[in-house]
1. Can I get the semi-axes of the stretch 142-261's equivalent ellipsoid? Compute them from the C-alpha gyration tensor as square roots of 5 times the eigenvalues, in angstrom, largest first.
2. Order these by the 10 Å Cβ neighbour count, fewest first: 1, 125.
3. Gain in length, residue 135 to residue 321, computed as 0.36 nm per residue apart minus the alpha-carbon separation, to one decimal in nm?
4. So between residue 300 and residue 143, what do we pick up on full extension, going 0.36 nm a residue minus the alpha carbon distance?
5. Could I get the Rg over Rh figure for the stretch 14-80? Both from C-alpha atoms, Rh via Kirkwood, rounded to two places.
6. Under 1.5 on a/c is rounded, so check that first for the stretch 107-173, then, if it is not, pick prolate when a/b is larger than b/c and oblate when it is not; a ≥ b ≥ c are the square roots of the alpha carbon gyration tensor eigenvalues.
7. As a check on your grasp of the helix formula, calculate [θ] at 222 nm for the chain: sum -39500 (n - 2.57) over DSSP H runs of n ≥ 4, divide by the residue count, round to the nearest 500.
8. Can you put 333, 238 in order, fewest other beta carbons within 10 Å first?
Ligand SMILES: [Zn+2]
């Protein structure tokens, strides 16, 4: 089994709430220094492209013709514009199999295809709303939730849903998480603090208690880019040290995603990533990180050689057991394709790539150790969210026409269903 611990399967139309649009406009102003009027026009055009259907849009054809849309932007936009979450999940698995191996498998070595291994990916939901979001925007998440869980049914044991938690939604956010874990529909929880919430809020204490009770892992957006609330300082709400302190009192596992990458100011800053290493050393049972969206490793920038050396040093330390592999599909498709991302990371990490994409990821997800490294016989821990998920899928096996319609159940779950 190979695990992509950080992937997204939502569509733009389910994701683009008024709050998300406002954030996109602000990011354009901040990152490209365009006027707010120009940013508004760009977002309006983008919405028009999404609503028309990207393939048919004359505007899209025009942007391609004049070279505004490059190959990667095209992959990103066409994926996000697919008509359903099922279509995005299928595109993910078809892209990973590269037409060489069966759907649900990844050619191994990545992109070569001499052998194939089972592919397991998380499906991290996003919930970009705030206290003033309209009811129509608030309702979008219910559809995203339902259709993401559907992928777990279509790809049993291969797609592991993580429910988004956004306390700006109020009490319903906690209820949704509790339902998702109790029913076994989701395996873990996704946090995105830069949308506008802090580690020390009372709702976070309650969330951590729920995750501890269900033995459910948490994946937290942890770079200073991505989506954020209207406050200029909101990206700082992802500062890992605050969350490391918050989990001290709870028996939970949290993945600080993107290894705390900080380059919002244009210069690479190592404060967050060093802080994550300190947390992983101090709380090795609780604190993890992932290597998603480190696209400079594919592009080989001036920064990437030094980064690769540093990363190999991290893997040689005990904290190397707490590093996970993820791609950030299909966000990372803005800059690279996902198979190239696997290949680049595998080349940099050598034998350590097995640790980040196999044993480390399985421990984080809630598996017992397998009989041998890489063996597909690991069982979910007793009373874990993963075990509840198995029971949920067992209930779907008979009589649900969607069951295994994407790919056959993964071998780790086959005998459990
Ligand atoms: Zn992500």
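What follows draws every value from the coordinates through simple rules; no lab data is involved. Please read these numbers as outputs of a predicted model, since none were measured by experiment. A quick note on method: Cβ atoms are made from the backbone with ideal geometry, for glycine too, and the neighbour counts reach across all protein chains shown.
1. Numbers: eigenvalues 105, 51, 40 Å².
Taking √(5λ) for each Cα gyration eigenvalue gives 23, 16, 14 Å.
2. Details: 1 24, 125 27.
Neighbour counts put them in this order, fewest first: 1, 125.
3. Details: separation 186, 0.36 × 186 = 66.96 nm, distance 4.34 nm.
Roughly 62.6 nm would be gained on extension.
4. So the extension gain works out to 52.6 nm.
5. Values: Rg = 12.2 Å, Rh = 12.6 Å.
Taking Rh as the inverse mean 1/r over Cα pairs, Rg/Rh reads 0.96.
6. Working: a/c = 3.65, a/b = 2.91, b/c = 1.26.
Taking the square roots of the gyration eigenvalues as a ≥ b ≥ c, the stretch 107-173 is prolate.
7. Working: 17 runs with 184 residues, N = 417.
Here the helix-only value at 222 nm equals -13500 deg cm²/dmol.
8. Working: 333 25, 238 28.
Ranking 333, 238 by Cβ neighbours within 10 Å, fewest first, gives 333, 238.
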